[in-house]
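Quick notes on the structure that follows.
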Amino acid sequence: VLDRASKATRIMPSERWHACRIQTLEALDRHNDAQQHRWQVFSQSLSIPILRDYLQRLNDFADVEAEEQALRLVEQHPAVLAALEFLVLWPALPRAARHVLQHRRAWDGDAYEIYEPAAERLSADYPLAATVLLRAMVVFALQMRRSKRYRYAADHLRQCEQLEARIDDWKGIESHASFAGRLRETHAMKWSFWQLLER
């Protein structure tokens with residue numbers, strides 16, 4: 001019935017469909033099939049609950065190797081923003097910082113609900129990665145003229161200035177002074193933003 005329902009919709013089955021299928025496989029004592037389905041769902045969705053469920057059902061020590069395999073899969077996932085969110089929430093912050101720098105040109109700053117907490121969690125030990133995400137949000141707000149975000153963007157630029165003192169190696173990334181100067185030149189007419197920054 002589940003398989004027929006999936007084929008009938010002709011779209012990727014929903015989260016509830018996957019949960020129902022896994023429960024059904026477990027009820028039929030098809031535990032290996034249930035585990036395979038959990039892994040398949042995780043590899044597509046990067047679902048933390050699904051991965052935790054998968055790891056909890058492995059034998060001792062097998063979960064360590066499986067977690068490492070999962071983290072490598074996340075790092076190579078084509079949905080780089082979803083991968084960042086996973087690595088921050090798991091948490092695997094060293095990998096998250098590396099992921100940010102490896103994909104430094106991919107961050108558009110739009111998904112505030114992902115970028116902001118990621119930058120906050122990375123700022124303590126990975127100031128350069130945090131700076132990359134903070135800058136992305138600032139640039140997005142100014143380029144898209146999102147005036148409602150200007151107050152947050154001003155705070156983010158101030159955070160970048162504070163983080164600058166803890167960055168020894170910029171790894172080819174533009175310094176804060178250069179970035180801030182270029183930002184002021186490009187968006188000189190956004191008076192409301194600069195007034196917020198000067199408060």
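Things to note:
- In the set ALA124, ALA136, only one residue is within 26 Å of VAL80 (Cα to Cα) and open to solvent by less than 20 Å² (accessible area, probe 1.4 Å); that residue is ALA136.
- Filtered residues of segment 60-81 (kept if part of a loop (DSSP other than H, G, I, E, B) and open to solvent by 100 Å² or more (accessible area, probe 1.4 Å)): ASP60, PHE61, GLN76, PRO78
- Scanning segment 48-59 for residues that are crowded, with 17+ Cβ neighbours inside 10 Å and either among the hydroxyl-bearing types (Ser, Thr, Tyr) or in contact (Cβ under 8 Å) with a residue 40 or more places away in the chain (or both) turns up just one, TYR54.
- If you go through segment 25-39 and keep only what is of a type outside the set (A, V, I, L, M, F, W, C), surrounded by 13 or more Cβ atoms within 10 Å (Cβ to Cβ) and assigned to a helix (DSSP H, G or I), you end up with GLU26, ASP33, GLN35, GLN36, HIS37, ARG38.
- Odd one out for TYR115, checked against (1) open to solvent by 80 Å² or more (accessible area, probe 1.4 Å); (2) closer than 30 Å to TYR152 by Cα: (1)
- Residue in segment 29-47 that is closer than 22 Å to ALA5 by Cα, modelled with pLDDT of 95 or more and β-branched (Val, Ile, Thr) present: no
- Among the residues listed as LEU93, LEU2, the single one being at pLDDT 95 or above and either under 20 Å from the mean Cα position of the chain (by Cα) or open to solvent by less than 50 Å² (accessible area, probe 1.4 Å) (or both): LEU93
- Condition met for ARG166 (over 22 Å from the mean Cα position of the chain (by Cα), within 24 Å of LEU84 (Cβ to Cβ) and basic (Lys, Arg)): yes
The values are calculated or read from the model by the stated rules, or taken from the named source; none is laboratory data. Small disclaimer: the values here were computed from a predicted structure and weren't measured. Every residue, glycine as well, gets a Cβ built from its backbone with ideal geometry; the counts of neighbours run over all protein chains shown. Ligands, DNA and RNA are excluded from the accessible area calculation, which covers all protein heavy atoms including side chains. Shrake-Rupley method; radii C 1.70, N 1.55, O 1.52, S 1.80 Å.
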